[in-house]
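The values are calculated or read from the model by the stated rules, or taken from the named source; none is laboratory data. Just so it is clear, the structure is predicted and the values come from calculations on it, not from any experiment. So basically every Cβ, Gly included, is an ideal-geometry build from the backbone, and we count neighbours across all protein chains shown. Heads up: the accessible areas ignore ligands, DNA and RNA and are worked out on the full protein's heavy atoms, side chains in. Shrake-Rupley method; radii C 1.70, N 1.55, O 1.52, S 1.80 Å.
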Amino acid sequence: MKDCKNMFKKKGVGFYGRPWSMEQRKLLFQWLKRRGLNCYMYAPKDELKHRLLWREPYTEHEAARMQSLIEAAQEQGVEFVFAVSAGQDMVFSSAGDRLLLQQKLRQVAALGCCSFALLFDDIDPCMCQADRDIFPSLAKAQASVANEVYRELGQPSTFLFCPTEYCSSLCSPSPGQSQYLLTLGQELLPGIGVVWTGPKVVSQELSATLLEEVEGVLRRRPVIWDNLYANDYDCRRVFLGPYTGRAPGLMARLGGLLLNPNCELQANFIPIHTLGSWFQSELQICAHPEHTGTETVAALGDRQGPPEGSYSPQEALELALLDWVVEINQQALETEEAGSRPMALLTLEEAGSGPTEPLTSKEARSSPTAPMIPEEARSTPMTPVTLGEAKSPPTAPVTLEEAGSAPPVLLALAEDRSSLTAPLTLEEVRMLVELFYLPYHHGPQAQHLLEQFHGHLLCDPGPKGTWGSCFGWCQSITAPILLGGDAEPWARRGGLFGELQALLPVGNSCDLFYHPPPFFPSSQVYLLRPLLPLDKGELYRMCRESLDCDPKVAEILAAHPDLLGDRLLGSFLSLSPEYTFVLEDEDGSRGVFCQVSGSDRQQLNFYSKLGFVALPVAWGNSPGTLLLGRLL
């Protein structure tokens, strides 16, 4: 968990940063400012001098880039929090290590940074012998280091600490009874904020009840480090849905909130946009405490509906979708005019797999007993701010016709769609979001797809029974690996693809749907379906036309046209049709595919005679494997 940005001012809501380029970060800072977010925490685990080589100071060139980044954030009114993750090999009792840590942070302070964080997450909880001789516990050792650094830096207004037990699932036996957390609450100086991810590393919901327990043991309101959108645990997943699952009025119980993002910068437009809407709603609640009672901070299990005027994830998503369509098409238009390829969406390879960056909020030091709000909100009530000058959030999906104030780039969406650079429509972007929604939820269209697919599996008849029989057999085979309700989202490999695969009678193969992302974004639609009886004739024709034989054999085959097809394919099509699939595009072109070892010359010769060609894509995990395909 590293790299955050955007906190309240004085109760921050911010973002946790990844190893993006300078230009990408500048764009991020603009997004944060536009949505009223105010903090960015720099803590990319892939940066060697943040974690592995934390003792080494930045070179002159590196320091200049860091200073430029700090200044770029400050120009947008975004607080820059510099974090160090030293816990993997730090000797807490070593005067030398303590001095090097302080020198590293003082170097960054000299570049203009005023906010800092020490991160001790994801480390071995066992201390070395030298530390065990000095400190009675890990918590005592970490608190000693944090307090010393905090004092040496002049007790900055923002100084965050990430504990080794940073969520309920990592506490033994519970947060309220964790000796580690109890010790930290007692030992850490009051001005040091402690970050917390919630019930789990990636928490589906955050409730006031849990926060009360954590606040009690830590003796301070926690700063939530929200991993809802973090996708560095599975490069095949990306999360584009609205910020949700956080109880209304929650900010009053927090010292701040950091949102960990997708690794791919452009995928964070809707997370940032909807987080901004949530934050503005929370500010309004803080500015009008007389309008909120205990029901607004009740646990999410109390399903009585949100108070009137509170944050609505669906309404926030609709507003974000409208703005994202404009953003995507504007970037595509600018890129096309510049003569280069569209950059509307980055592929996974282009974006890399760096660490995550959260949005955060900090609490004012002046009054720890009452909910803190930014200075502006104390004098002037703040209302939710939206982009696109929308006067009221829509309650249903917005069509282009309904969006009367849409700019020209939206009005052009009905134009010719044949070009690869044609503008994306609102419904196309909506489909993208619903297919790549949230760690624990699919969008409505994706959910419908799953239900429809499941229904076909159980009901569609086949020549040897139904898919249902195969599904039952497969389910019995894979039962040991099916997920429980409390599993972290990385256990569900591949997200929607993983769930579709779990419905197929293919055992527990983990990479059935694995394929690299496209080089260019595309709205091309393909249909993947089971082999139908009418496809048999096409396959048999392929076998006949590909055969090069002497006249006698040709004479026999002419008298018995299905002989070769029966010999090569018949047993598969008759006995196991449920294992055969056809891919069909929008024009009706159909294709079949197979995987062959590059060293198997006999198979390669056979399939080449059938018209198969090697596809120029990476396939599978074993070297030398080729994916062959041909149209039917």
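For this structure, a couple of remarks:
Residues checked against (1) over 30 Å from Gln186 (Cβ atoms); (2) open to solvent by less than 10 Å² (accessible area, probe 1.4 Å); (3) in contact (Cβ under 8 Å) with a residue 40 or more places away in the chain:
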site: Val238; (1), (2), (3): yes, no, yes
site: Tyr243; (1), (2), (3): yes, yes, yes
site: Gly249; (1), (2), (3): no, yes, yes
site: Ser281; (1), (2), (3): yes, yes, yes
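- First in the stretch 54-74 and open to solvent by 60 Å² or more (accessible area, probe 1.4 Å), second anywhere and among the polar types (S, T, N, Q), Cβ under 6 Å, 6 or more apart: Pro57/Gln107
- Take the conditions (1) at pLDDT below 95; (2) in a loop (DSSP other than H, G, I, E, B); (3) open to solvent by less than 10 Å² (accessible area, probe 1.4 Å); Leu48 misses just one of them, which is (3).
- Considering residues of the stretch 87-110 that are part of a loop (DSSP other than H, G, I, E, B) and modelled with pLDDT of 95 or more only, the residue nearest to Glu71 (Cα to Cα): Ala110
- Conditions (1) of a type in the set (Ser, Thr, Tyr); (2) over 30 Å from Glu165 (Cβ atoms); (3) not in a helix (DSSP H, G or I); number of the one not met by Ser68: (3)
- Entry remark, the stretch 478-500: residues being at pLDDT below 75 and outside any loop (DSSP other than H, G, I, E, B) number 4 in total.
- Under the condition of being at negative phi and surrounded by 16 or more Cβ atoms within 10 Å (Cβ to Cβ), the residues counted in the stretch 110-132 number 13.
- Breaking point among (1) more than 26 Å from the chain's Cα centre (by Cα); (2) over 23 Å from Trp278 (Cβ atoms), for Leu170: (1)
- Of all residues making up the stretch 49-60, the number that are closer than 22 Å to Glu71 by Cα and out of contact with any strand residue (DSSP E or B) (no Cβ under 8 Å at 6 or more places or on another chain): 5
- Counted as qualifying within the stretch 129-213 are the helices (runs of 4 or more DSSP H) with 3 or more residues that are in contact (Cβ under 8 Å) with a residue 24 or more places away in the chain and not aromatic (Phe, Trp, Tyr), namely 138-152, 179-187.
- Qualifying residue in the stretch 217-232 (condition: at pLDDT below 95 and surrounded by fewer than 22 Cβ atoms within 10 Å (Cβ to Cβ)): yes
- So Trp20, is it hydrophobic (A, V, I, L, M, F, W, C), at pLDDT 95 or above, part of a loop (DSSP other than H, G, I, E, B) and within 16 Å of Ala83 (Cβ to Cβ): no
- Here Phe29 does not qualify as of a type outside the set (Gly, Ala, Ser), part of a strand (DSSP E or B), open to solvent by less than 20 Å² (accessible area, probe 1.4 Å) and modelled with pLDDT of 80 or more.
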